[in-house]
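The block underneath contains the structure these notes are about, expressed in structure tokens.
The values are calculated or read from the model by the stated rules, or taken from the named source; none is laboratory data. Note that this is a predicted model, so its numbers are computed, not measured. With ideal geometry, Cβ positions are generated from the backbone for all residues, glycine too; neighbour counts draw on all protein chains shown.
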Amino acid sequence: MDKILGIDLGTTNSVMAVVENGKPIIIHNKKGDRLTPSVVAFTKNNEILVGKPAKNQSILNSEKTISSVKRNMGTTQKYQIGKNTYTPQEISAKILHKIKEDAEDYFGTEISKAVITVPAYFNDNQRQATKEAGRIAGFDVLRIINEPTAAALAYGINDHENQVILIYDLGGGTFDVSILEIGEGVFEVKATTGNNHLGGDDFDAKLMNYVLKKYKEQNNIDLTKDIMACQKLKEEIEKVKIELSEIESVDLNIPFISADEKGPRHLNININRQLFEELIQEYIEETIYLMEKCLKDSKLEKNDIDKVLLVGGSTRIPLVYNSVEKALSKKISKGVNPDECVALGAAIQASILSGEKKGMVLVDVTPLSMGIEIEGGVFVPIIERNSTIPITKSKLFTTISDYQQSVEIRVYQGERVRCVDNISLGECQLKNIRPAKKGLPRIEVNFVIDVNGILQVSAKDLDSGNMQKVIIKNPTSLSDEKIQNIIENAKKNKHTDQEVLKIEQIKQLFDTSYQRLKLLYEDKINIIDANLKKDIQTALKKSEKKIKRPKSDELVDLIDQMDFLYEELKISYSNDREGVEV
């Protein structure tokens, strides 16, 4: 049977694993290491370095060395190296290709299939980009799986006890928290949330800014203008951060880091754990807030959580696990390696797909709502956030103009009422709609989210049978910060969004009342009395003016008036026809 590789494509490091004889194992790279740095470098001789060799030369070649590319997946970011331009997918593909080569060297055979993990809070664009990177690297990507879910698979592989697990995943560049229920071989995700731009890189940046400021105060030298000095400092800062997880105080020493008219200058600053914790406190508080939100979304209480797992290298920081324990009033389970469990879980998922591992079912969720734009720029969800995937859902829509023959289906992802506040995923156009008065055509919009969390949209005119399908591929042009704050912004703007939604709902009711009164009036215009005809004409004319500048209270009054006239018209026509039903 062909090997299927499980890959944790990380911000800082990447890891690969397979299932051998029923057990998941980590695969060493050619250097004999279990972790491969997610770093790509381009040398002067046009050689491409990946992993530790790329990281080792980064100080001397910082301008052509790329790290933390995962943070830019699914965006329009480009990397300019000499005359060549690379997308995040292409850079990630070079990391994946190196992993593929190392795995093939380890097993002595070709490996073409893989399961790749992503943060649970990755949106559709980011998942598409990850899958594309795998294809560029030469993999048939069988599945994209959420990192916390993979960690739960690694933890629960030999545990048949029914339990609820909270996975707190804090890596180099992203943060996720997921709650899963495990029982009788079923791994069901109840809720997930996160921040795609929060992790160990941010902790490094905080500490580095502190050191740069301190050094300038002591020496009156601005190291930010020295690229090589900054690169060296960045490397040492990461080491200090790691050491502070084990000891209370570290001396940061870098000799000959700069020079002035007095000669060489050295950097020597003592950093203690308390100072570091104060610098990163705001980030940890945000993760705790998101963790508590995930609990609320899952409709569970703290006491319902049986186990808490910490995943990702940044969870080794004492402040992190102390904060999680305090917030949940629960001890942390330490039965998994935070650096390796995601790759092990990906390998287990690969073995499930291959049929090697039986009796296990994975039920995941979509992190954000997906829907379309309607008149007024309002977002209508078709698939709600935290819906289990794969999933298929449809909703019926109609036209907004008489004899309209095409509609634009604009697809968005997010939690806000207005589309401009959400993530644009793409659009498709449905043409050759059956000509009819507005409101009569029936257009079915169908959303399908597959097991990878990737969306496909179709629109169908139910009367003519015309259909248009599109797999959403457009990369988002919105900032990562916009994505991270989607849920929080929705909460802050709940009142405003409700008012917008109220107006749009009233407008829809108004339009329905207007259309049915107008249609019946035009059909029966020659058989109704003059007074009723005048009242209807006045109401219709007034409505046409008011809808251009709608106010909810005025529209409600007009709806009542038009509904009353509609009933009067029905009665009048019925009497005139001596009981013939309309």
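Tell me whether the range 41-49 contains one or more residues that are closer than 19 Å to Ile136 by Cα, among the small types (Gly, Ala, Ser) and modelled with pLDDT of 95 or more.
So the first thing to find is which residues in the range 41-49 are closer than 19 Å to Ile136 by Cα, and the list is 41-42, 47-49.
Pick out the ones that are also among the small types (Gly, Ala, Ser) and you get 41.
Next, from what is left, pick out any that are modelled with pLDDT of 95 or more: none.
No, there is no match, as no residue in the range 41-49 is closer than 19 Å to Ile136 by Cα, among the small types (Gly, Ala, Ser) and modelled with pLDDT of 95 or more.
Can you give me the ranges of the strands (runs of 3 or more DSSP E) entirely in the range 358-465 with at least 1 residues that are under 28 Å from Ala346 (Cα atoms) and hydrophobic (A, V, I, L, M, F, W, C)?
Values: elements: 361-365, 370-374, 378-383, 391-397, 407-413, 423-430, 443-449, 455-461.
Output list reads 361-365, 370-374, 378-383, 391-397, 423-430, 443-449, 455-461.
Report, by residue number, each residue of the range 1-46 that is without any contact (Cβ under 8 Å) to a residue 60 or more places away in the chain and in a strand (DSSP E or B).
If the condition is that a residue be without any contact (Cβ under 8 Å) to a residue 60 or more places away in the chain and in a strand (DSSP E or B), then Glu20, Lys23, Pro37, Val39, Val40, Ala41, Phe42 are the ones that fit.
I'm trying to understand the selection: among the residues of the range 280-300, which are buried (at least 16 other Cβ atoms within 10 Å of the Cβ) and either of a type in the set (A, V, I, L, M) or free of Cβ contacts under 8 Å to residues at least 60 places away in the same chain (or both)?
Once the filter is applied, which keeps residues that are buried (at least 16 other Cβ atoms within 10 Å of the Cβ) and either of a type in the set (A, V, I, L, M) or free of Cβ contacts under 8 Å to residues at least 60 places away in the same chain (or both), the range 280-300 yields Ile280, Ile284, Ile288, Leu290, Met291, Leu295, Leu300.
All but one of (1) more than 30 Å from Ile348 (Cα to Cα); (2) more than 22 Å from the chain's Cα centre (by Cα) hold for Gln77, so report the exception by its number.
With respect to (1) more than 30 Å from Ile348 (Cα to Cα); (2) more than 22 Å from the chain's Cα centre (by Cα), Gln77 is out only on (2).
Go through the range 440-468 residue by residue and tally those that are crowded, with 18+ Cβ neighbours inside 10 Å and at positive phi.
Number of matching residues: 1.
I need the full set of residues from the range 74-114 which are closer than 19 Å to His28 by Cβ and hydrophobic (A, V, I, L, M, F, W, C), in order please. Give the derivation first.
Here is the first cut: in the range 74-114, the residues closer than 19 Å to His28 by Cβ are 95-111, 114.
Within the range 74-114, Ile95, Leu96, Ile99, Ala103, Phe107, Ile111, Ala114 meet the criteria.
For Phe122, are the conditions met, namely being surrounded by 24 or more Cβ atoms within 10 Å (Cβ to Cβ) and within 19 Å of Ile423 (Cβ to Cβ)?
Working: surrounded by 24 or more Cβ atoms within 10 Å (Cβ to Cβ): yes; within 19 Å of Ile423 (Cβ to Cβ): yes.
Yes, satisfied.
From the list Asn337, Asn303, Asn322, which residue is touching a helix residue (DSSP H, G or I) at 6+ places or on another chain (Cβ under 9 Å), more than 30 Å from Arg410 (Cα to Cα) and surrounded by fewer than 21 Cβ atoms within 10 Å (Cβ to Cβ)?
Values: Asn303 fails: touching a helix residue (DSSP H, G or I) at 6+ places or on another chain (Cβ under 9 Å); Asn322 fails: touching a helix residue (DSSP H, G or I) at 6+ places or on another chain (Cβ under 9 Å).
Asn337 is the lone residue from the list that is touching a helix residue (DSSP H, G or I) at 6+ places or on another chain (Cβ under 9 Å), more than 30 Å from Arg410 (Cα to Cα) and surrounded by fewer than 21 Cβ atoms within 10 Å (Cβ to Cβ).
Could you look through the range 524-546, keep only residues that are assigned to a loop (DSSP other than H, G, I, E, B) and out of contact with any Phe, Trp or Tyr (no Cβ under 9 Å at 6 or more places or on another chain), and pick out the one that is farthest from Asp563 (Cα to Cα)? Steps first, please.
Of the range 524-546, the ones assigned to a loop (DSSP other than H, G, I, E, B) are 525-529.
Subsequent filtering for residues that are out of contact with any Phe, Trp or Tyr (no Cβ under 9 Å at 6 or more places or on another chain) retains 525-526, 529.
Working: Ile525: 17, Asn526: 20, Asp529: 18 Å.
Per the criteria, the residue is Asn526.
I'd like the full set of residues that are under 17 Å from Phe203 (Cα atoms) and either part of a strand (DSSP E or B) or of a type in the set (Phe, Trp, Tyr) (or both), limited to the range 223-269.
Of everything in the range 223-269, those that are under 17 Å from Phe203 (Cα atoms) and either part of a strand (DSSP E or B) or of a type in the set (Phe, Trp, Tyr) (or both) turn out to be Ser249, Val250, Leu252.
Here are some conditions: (1) modelled with pLDDT of 60 or more; (2) out of contact with any Lys or Arg (no Cβ under 8 Å at 6 or more places or on another chain); (3) part of a helix (DSSP H, G or I); (4) within 30 Å of Gly414 (Cα to Cα). Leu555 meets all but one. Which one does it not meet?
For Leu555, the exception is condition (2).
Are there any pairs with C-beta distances below 6 angstrom linking a residue in the range 251-277 that is over 14 Å from Asn219 (Cα atoms) to a residue that is β-branched (Val, Ile, Thr), with the two at least 6 apart or on different chains, and if so which?
As it stands, the answer is Leu252/Val240; Leu252/Ile269; Leu252/Ile271; Ile271/Val240; Ile271/Val250, since those pairs meet every condition given.
Any idea which of Leu319, Leu300 is in contact with an Asp or Glu (Cβ under 8 Å, 6 or more places away or on another chain) and at pLDDT 90 or above? First the steps, then the outcome.
Values: Leu300 fails: in contact with an Asp or Glu (Cβ under 8 Å, 6 or more places away or on another chain).
Just a single option satisfies the conditions, and that option is Leu319.
If you take the residues of the range 163-177 that are in contact with a Gly (Cβ under 8 Å, 6 or more places away or on another chain) and closer than 16 Å to Ser333 by Cβ, which of them is surrounded by the fewest Cβ atoms within 10 Å (Cβ to Cβ)? Give the steps one after another, and end with the answer.
Going residue by residue through the range 163-177, those that are in contact with a Gly (Cβ under 8 Å, 6 or more places away or on another chain) are 163, 165, 169-177.
Subsequent filtering for residues that are closer than 16 Å to Ser333 by Cβ retains 163, 165, 169-170, 177.
Numbers: Gln163: 15, Ile165: 23, Asp169: 31, Leu170: 29, Val177: 27.
Among those that are in contact with a Gly (Cβ under 8 Å, 6 or more places away or on another chain) and closer than 16 Å to Ser333 by Cβ, it is Gln163.
Restrict the check to the range 468-483 and report whether at least one residue is modelled with pLDDT of 65 or more and more than 30 Å from Ile559 (Cβ to Cβ). Reasoning before the result, please.
Within the range 468-483, the subset modelled with pLDDT of 65 or more is 468-469.
Now narrow it down to the ones that are more than 30 Å from Ile559 (Cβ to Cβ): 468-469.
Yes, because at least one residue in the range 468-483 is modelled with pLDDT of 65 or more and more than 30 Å from Ile559 (Cβ to Cβ).
Kindly establish whether Ser112 is at pLDDT 95 or above, polar (S, T, N, Q) and within 30 Å of Leu344 (Cβ to Cβ). Reasoning before the result, please.
Details: at pLDDT 95 or above: no; polar (S, T, N, Q): yes; within 30 Å of Leu344 (Cβ to Cβ): yes.
Taking the combined requirement at face value, the residue does not satisfy it.
Among the residues of the range 38-57, is any farther than 27 Å from Leu353 by Cβ and acidic (Asp, Glu)?
yes
Out of the residues in the range 47-79 that are among the polar types (S, T, N, Q) and either assigned to a loop (DSSP other than H, G, I, E, B) or touching a Gly at 6+ places or on another chain (Cβ under 8 Å) (or both), state the one that is surrounded by the most Cβ atoms within 10 Å (Cβ to Cβ).
Going residue by residue through the range 47-79, those that are among the polar types (S, T, N, Q) are 56-58, 61-62, 65, 67-68, 72, 75-77.
From what is left, the residues that are either assigned to a loop (DSSP other than H, G, I, E, B) or touching a Gly at 6+ places or on another chain (Cβ under 8 Å) (or both) are 57-58, 61, 68, 75-77.
Numbers: Gln57: 16, Ser58: 22, Asn61: 16, Ser68: 16, Thr75: 19, Thr76: 13, Gln77: 15.
Among those that are among the polar types (S, T, N, Q) and either assigned to a loop (DSSP other than H, G, I, E, B) or touching a Gly at 6+ places or on another chain (Cβ under 8 Å) (or both), it is Ser58.
Tell me whether the range 378-396 contains one or more residues that are within 22 Å of Arg127 (Cβ to Cβ), of a type in the set (Lys, Arg) and either surrounded by fewer than 21 Cβ atoms within 10 Å (Cβ to Cβ) or under 19 Å from the mean Cα position of the chain (by Cα) (or both).
Yes, that holds for at least one residue.
Filter the range 216-264 for residues that are among the polar types (S, T, N, Q) and within 22 Å of Ile66 (Cβ to Cβ); which is surrounded by the most Cβ atoms within 10 Å (Cβ to Cβ)? Break it down into steps so the answer makes sense when it comes.
Here is the first cut: in the range 216-264, the residues among the polar types (S, T, N, Q) are 218-220, 224, 231, 245, 249, 253, 258.
From the residues that got through so far, the ones that are within 22 Å of Ile66 (Cβ to Cβ) too are 224, 231.
Numbers: Thr224: 13, Gln231: 17.
Applying the filter and picking the extreme gives Gln231.
What is the one condition in (1) at pLDDT below 85; (2) under 22 Å from the mean Cα position of the chain (by Cα); (3) not in a strand (DSSP E or B) that Gly345 does not satisfy?
It is condition (1) that Gly345 fails.
Cβ-Cβ distance below 8 Å, separation of 6 or more or different chains: which pairs start in the range 510-534 with a residue that is under 17 Å from Ile400 (Cα atoms) and end on one that is among the hydroxyl-bearing types (Ser, Thr, Tyr)?
Phe510/Ser543; Ser513/Tyr566; Tyr514/Ser543; Arg516/Tyr566; Leu517/Tyr566
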